[in-house]
1. Tell me the angle of helix 133-149 to the major Cα principal axis of the chain, expressed in degrees between 0 and 90 and rounded to the nearest ten.
2. Quick check: the distance between the Cα centres of the range 77-96 and the range 224-264, to the nearest angstrom?
3. Compare the peptides 34-40, 107-113 by average per-residue count of other Cβ atoms within 10 angstrom and give them in order, highest first.
4. Provide the per-residue ³J(HN,Hα) series for the range 251-262, in order, calculated from phi with Karplus coefficients 6.51, -1.76, 1.60 and θ = phi - 60°, each as a whole number of Hz, with x at glycine and proline positions.
5. At a threshold of 8 angstrom on Cα-Cα distance, excluding pairs fewer than six apart, so keeping six or more, what relative contact order does the chain reach in percent?
6. Could you compute how fast the chain diffuses translationally, taking Rh as the Kirkwood radius over C-alpha pairs and applying Stokes-Einstein at 37 °C with viscosity 0.692 mPa s? Give it in µm² per second.
7. Can you give me the angle between helix 56-66 and the longest principal axis of the chain, using Cα atoms only, in degrees from 0 to 90, rounded to the nearest 10?
8. Could you give each residue of the range 105-112 its phi-based ³J(HN,Hα) in whole Hz, using Karplus coefficients 6.51, -1.76, 1.60 with θ = phi - 60°, and x for Gly or Pro?
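The values are calculated or read from the model by the stated rules, or taken from the named source; none is laboratory data. Because the structure is a prediction, the values reported are computed rather than measured. Cβ: placed from backbone, ideal geometry, glycine included. Neighbour counts: every protein chain shown. Accessible surface is based on the protein model in full, side chains and every heavy atom, while ligands, DNA and RNA are left aside. Shrake-Rupley method; radii C 1.70, N 1.55, O 1.52, S 1.80 Å.
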Amino acid sequence: MDAKPFLFGLSDSAVTITRVADRHWQALDDDLVVGSGYAEYRADGRLFVGIDAWHPDTFDRIARAMLPELPAPLYTVVDEADAGMTDAWRRAGFTVGRREWEYVMATDPRDTGLDGALPPAGVTVVPAGEADEGLLRAVDRTIRDEVEAAAGWWQSMPAEVIIRPAGDTVVDPAKYAVAAAPDRYLGLIRVVTVNRSRVGLVAVRAGEQRRGIARALLAHALGVLHRSGTTAAWTEVHESNRAATALFESIGARPVSSNLELVR
């Protein structure tokens, strides 16, 4: 791909913005890299952008070079506490699309009150790694379709950033525990542990909600973490998802930070 340089302003050491690869730009001060910008598609098909720069003016120059070359709409995520970064993206024409709260919760059932949380009659919890992959994918697809038909998946569910093959909505079948009826799965929970344990998703089919299934899935997943020696877990909740907020706050989860998803 041909490089596309952009030179902005006059200074003793002018900064040049160059497109160095597909959806990747660099800011150079002589031979020193002083910033970069990139864009990548996430699992839901939306295009997210990021800019790392030493100085605000370099950020603005990268934004002016790269954003017109990318198809709208564009998205980015910032820590709401980082006012400087939020202001930089606002200067680039982005506005707040959604807010997502990060919660931390204990895993000890004596702290969460989940020691007596059992699934309803006729429902069992199948541990992670033991679920039937076909039934798992079926319930995942059903729940996503139900949410999409109601509030919309990305408008109400936690953001998903893991890149997967097109059309594949199950991150890793071994990470899911499920609530099972004799003939189908009714709900699922996904826990991923990388740097810390995170409840990435807990969801129940629309017709099976308000029966205590989500609470039983949480009790199971947090119990597994507790027995392994993990004392705390994290999750993200879209601010408009009142049911998820009520569920996590009912077990003592507390908000510790918030992210803003910005859109242009």
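1. The angle comes out near 70 degrees.
2. For the range 77-96 versus the range 224-264, the Cα centre distance is 22 Å.
3. Details: 34-40: 19.1, 107-113: 16.1.
Ranked from most to least packed, the peptides come out as 34-40, 107-113.
4. In residue order, the calculated couplings are 9, x, 5, 10, x, 10, 6, 9, 10, 10, 9, 9 Hz.
5. Values: 487 pairs, mean separation 66.7, N = 264.
In percent, rounded to a whole number, it is 25.
6. Working: Rh = 20.6 Å.
Result for D is 160 µm²/s.
7. Value to nearest ten degrees: 80.
8. So the Karplus estimates, Gly and Pro as x, are 9, 6, 9, 5, x, 6, 8, 8 Hz.
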